[in-house]
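Notes follow once the structure below has been shown.
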Amino acid sequence: MPIIAPSLLAANFLHLQAESQMLNQSVADWFHLDVMDGQFVPNISFGLPVIQQLRSTTQKVFDVHLMIEEPEKYTEAFQKAGADILTVHVEACRHLHRNLQHIKQCNMKAGVALNPHTPIDSIKDVLHEIDVVCLMSVNPGFGGQSFIPYTLQKIRELRKWIDALNLPTLIEIDGGVTLNNAAAIVEAGAHVLVAGNTVFASQNPIYTIAQLKQIQ
């Protein structure tokens, strides 16, 4: 069964405590928290204070996705705010290996995200240092976009590398995940499904999460 990581970007920000309680009652595994700075992506979301407040509402894993410039400046701050996994974009890191080491030194799991145009070759030499590879299946910045079909091929290729090297690295898919395409994504080799609108726009989010969780 896949790991389900609902994206709080699609939640009702006026009722974040209630949204958190709903996720706690569901079989969701992680909270996916998108941090945007308006520079790396053309949108601004939320930051450290919101994550710190949410941390007090749950024991579930905080999967923090930094869509920001110079993410290395904030590693320790996000660890203190409650991040369990800290994901940086390969496109935003001049010294990716150093960034990954710093994240791990701060006792977090290290994630690397790749935009749709970025080849997976870009992380091949540091794959052994990465706990989670987040493949963006939409162009980052806004929720509600359609899944880019070519992502399935990237998943297959990356999964072959991970399996060949016998690594524990997880493949996470972020963007356009729905009940209609989730099975194909998992079949291609993904381990983690990030779902925003699919969950939070659902009439019954807890049931929708359960449906995603049951996908083989």
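Just so it is clear, none of the values below were taken in a lab; they were calculated from the coordinates. Computed from a predicted structure; not experimentally measured. Neighbour counts are summed over all protein chains in view; Cβ atoms, including those assigned to glycine, are modelled from backbone coordinates with ideal geometry.
Mean-square fluctuations from a GNM of the chain, with a 10 angstrom spring cutoff on Cα atoms, peak among VAL132, VAL27, VAL50 at VAL50. Sorted into 5 angstrom bins from 0, the C-alpha pair distances of the chain split as 1, 7, 17, 21, 22, 17, 11, 4, 0, 0 percent. Using just its DSSP H runs of length 4 or more, each adding -39500 (n - 2.57), the chain gives a mean residue ellipticity at 222 nm of -9000 deg cm²/dmol after division by all residues.
Here segment 144-208 is treated as an ellipsoid with the same Cα gyration tensor; its semi-axes, largest first and in whole Å, are 25, 12, 8. In a simple Cβ point-charge model (Lys, Arg +1; Asp, Glu -1; nothing else charged), the chain has a dipole of about 240 debye relative to its Cα centre.
In order along segment 126-132, the phi-based Karplus estimate (6.51 cos²θ - 1.76 cosθ + 1.60, θ = phi - 60°) of 3J(HN,Hα) comes to 10, 4, 5, 9, 9, 8, 9 Hz; Gly and Pro are listed as x. Ordering MET22, MET136, MET108 from the fewest to the most neighbouring beta carbons within 10 Å gives MET22, MET108, MET136. Longest stretch of the chain clear of exposed loop sites (chymotrypsin sites (Phe, Trp or Tyr not before Pro), DSSP loop, at most 16 other Cβ atoms within 10 Å, sites excluded): 1-141.
Amide H contacts under 5 Å for HIS89: ILE68, ALA113, restricted to partners 5 or more places along the chain or on a different chain, H placed in the peptide plane at 1.01 Å from N. For the residue pairs LYS73/LYS109; LYS104/LYS160; LYS60/LYS213; LYS60/LYS104; LYS73/LYS154, alpha carbon separations beyond 21 Å are given by LYS104/LYS160; LYS73/LYS154. Springs between Cα atoms under 10 Å define the GNM used for the chain, and in it the highest mean-square fluctuation of THR58, THR151, THR169 occurs at THR58.
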